[in-house]
Structure formats: structure tokens, C-alpha cells
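Since the structure comes first, as C-alpha cells, the remarks are kept for the end.
What follows is calculated from the coordinates using simple rules that are stated; it is not laboratory data. Just so we're clear, the structure is a prediction, and the values are computed from it rather than from any experiment. Glycine also receives a Cβ, built like all others from the backbone with ideal geometry; neighbour counts cover every protein chain displayed.
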Amino acid sequence: MRIGIDFDNTLIDYDRVFLTAARDRGLVPPDFSGSKRAVRDAIRLLPNGELTWQHLQGYVYGAGISGAVRFVGAKEFLERCADAGIETFIVSHKTQYGHYDPARVDLREASRGWMTAQGFFCAEQGLSPDRVYFEDDRAHKLARIAALGCTHFIDDLEEVFADPEFPIGVRRILLAETASPCCDVHCIDWREITAAVFGDAR
């Protein structure tokens with residue numbers, strides 16, 4: 001078994017950062033609450049909303065990443081894989097720089113720095129920097145999944161699994177609130193992912 005895992009919104013939870021940044025910029029009311037998706041939907045209703053949303057993404061994924069947290073249960077899943085001798089890899093579609101980030105923060109280095117600060121690269125979790133792959137686009141991401149020989153892949157985006165170039169035979173585990181016909185397994189959290197992969201929720 002070799003497991004590939006997406007990064008953004010799969011291992012790392014940006015909800016709090018997006019909400020705080022949107023409030024600070026006056027893009028949503030001070031009492032607004034909700035997930036990244038709710039923030040996105042609200043901002044897109046504004047004049048030039050799509051561009052404003054992309055600017056906010058540039059900040060959150062770069063300079064604002066330190067405020068993000070890892071999803072509950074992800075650490076335990078990685079430790080379980082390491083204990084079982086299962087190789088894990090992070091494979092993510094992430095450009096080096098945000099298209100609308102005037103600070104030109106290196107998004108890949110920011111992400112690696114966050115992973116280091118969160119303790120991802122320790123023996124107990126079985127990850128190392130050379131098992132992290134950031135790709136320029138989805139096509140390269142799918143090619144990397146195939147080249148690594150992943151048997152399972154975990155992602156929050158159904159369009160990744162629906163892509164006709166997604167490698168045949170790789171078990172598609174969708175981390176999302178709602179299921180999709182393009183995935184093999186639907187999980188709402190990392191506890192369910194652990195159960196799906198290992199057959200229990202220890």
C-alpha cells in the first residue's frame with residue numbers, strides 16, 4: 001500500500017484564516033461565521049468578487065498560512081501508516097507563487113515551513129521533505145500520483161477524481177461533506193478515512 005494525500009484543504013485547514021482575513025479586510029461583516037466555502041461564496045457576490053477572492057487566497061496560502069491548523073485526525077492517520085510500514089506522500093497542485101499576491105511569497109516554501117512547524121517531518125509520522133511534491137497543474141499532479149505507484153489517494157476535490165487522466169486502479173478517497181459518484185470512498189473526516197483504510201477506527 002502506498003498512499004498519496006493532497007495538501008490544501010485535505011491535510012491543512014484554512015477555515016479560520018480565511019474567516020479572520022475576510023473580516024479584517026471588511027469583506028464580510030464582523031459577525032460573519034462559516035467555513036472557507038462560506039467565505040468564498042460571500043465574497044464572490046461582491047463587485048469584482050472573483051478577483052477579490054483570488055487576492056485573499058494569495059494571502060492565506062502564503063503570508064497567512066501560519067494561522068492554519070491541521071485537520072483533526074490527520075496526525076493519527078499518518079502515525080498509523082508509519083506504524084504499519086505504509087509509505088505516504090503529499091502530492092498537491094500548488095504553483096510557486098500566487099497569481100494575485102503582491103508580496104510574491106513562495107507558496108511551496110511557506111507550505112513546507114508550516115509542515116515543519118507542525119511536526120510533520122518526524123519518524124512517528126513517516127514523512128520527509130523528499131516525499132512532498134508540489135506540481136504546477138493538475139495534469140502534473142495526476143502524473144506524479146501514477147509515477148509514485150500510489151494505491152490510494154485522498155483529496156477534497158471531486159474534480160481530481162473525475163479527471164479522465166486520474167490513474168486507473170488507484171482507490172479514490174474523497175474527504176468532503178457530500179459524496180460524489182467519481183470517488184470509491186466518501187469520508188467526512190479523518191476518523192472515517194482511517195476506518196476506510198484500516199478497517200477500523202482505532
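Compute the orientation-averaged projected area for the stretch 136-177 from the convex hull of its Cα atoms and round it to one decimal in nm².
Reported value for the Cα convex hull: 2.8 nm².
Taking just the C-alpha trace of the stretch 95-202, give me its Rg and Dmax in Å.
Computed over the Cα atoms of the stretch 95-202, radius of gyration and Dmax are 15.5, 46 Å.
Suppose every K and R has +1 on its Cβ and every D and E has -1 on its Cβ; what is the size of the dipole of the chain about the Cα centre, in Debye to the nearest 20?
280 debye
Enumerate the residues in the stretch 119-141 having an amide nitrogen under 11 Å from the point lying 7 Å beyond the Cα of GLU165 toward its Cβ.
136-141
In nm, give the distance between the simple-model label positions of LEU46 and ALA147, each being 7 Å from the Cα along the Cα-to-Cβ direction.
So the two model labels end up 3.9 nm from each other.
Summarise the long-distance tail of P(r) for the stretch 15-67 by giving the % of C-alpha pairs beyond 12 Å.
Working: 802 of 1378 pairs.
Counting pairs separated by more than 12 Å, the tail of P(r) holds 58 percent.
Mind checking which of VAL185, PHE89, PRO129 is farthest towards the positive end of the chain's charge dipole, using Cβ charges of +1 (Lys, Arg) and -1 (Asp, Glu) about the Cα centre?
PRO129
From zero up to wherever the largest Cα-Cα distance of the chain sits, split into 5 Å bins and tell me the percent of pairs in each.
Percent of pairs per bin, in order: 1, 7, 15, 19, 20, 18, 11, 6, 3, 0, 0.
Between VAL72 and ASP137, what is the label-point separation in nm under the 7 Å Cα-to-beta-carbon projection?
Taking the simple label geometry, ASP137 and VAL72 are separated by 3.9 nm.
If you filter the stretch 51-153 for trypsin sites (Lys or Arg not before Pro), then keep DSSP loop positions with at most 16 other Cβ within 10 Å, what is left?
Values: sites: ARG70, LYS75, ARG80, LYS94, ARG104, ARG108, ARG112, ARG131, ARG138, LYS141, ARG144; in loops: LYS94, ARG104.
Listed in order of number, the matching sites are ARG104.
Viscosity 1.306 mPa s, temperature 10 °C: what is the translational diffusion coefficient of the stretch 143-202 from Stokes-Einstein with a Kirkwood Rh over Cα pairs, rounded to a whole number of µm²/s?
135 µm²/s
Size of the dipole of the stretch 61-144 about the Cα centre, Lys and Arg at +1 and Asp and Glu at -1 on the beta carbon, nothing else charged, in debye to 20?
Using only the charged Cβ atoms, the result is roughly 180 debye.
For LYS94, which lysines qualify as cross-link partners when the Cα separation must be under 19 Å and same-chain residues fewer than eight apart are set aside?
The reachable lysines, counting only those whose Cα sits under 19 Å from LYS94, are LYS36, LYS141.
Given the -39500 (n - 2.57) contribution per DSSP H run of 4+ residues, what per-residue ellipticity at 222 nm results for the chain, rounded to the nearest 500 deg cm²/dmol? Provide the component values of the computation, followed by the final result.
Details: 8 runs with 78 residues, N = 202.
After summing the helix terms and dividing by the residues of the chain, the value is -11000 deg cm²/dmol.
Quickly work out the ASP184-to-ALA63 label distance, labels modelled 7 Å from Cα along the C-beta direction, and quote it in nm with one decimal.
4.3 nm
Let me have the relative contact order for the chain, percent, based on Cα pairs under 8 Å that are six or more residues apart.
After rounding, I find 23 percent.
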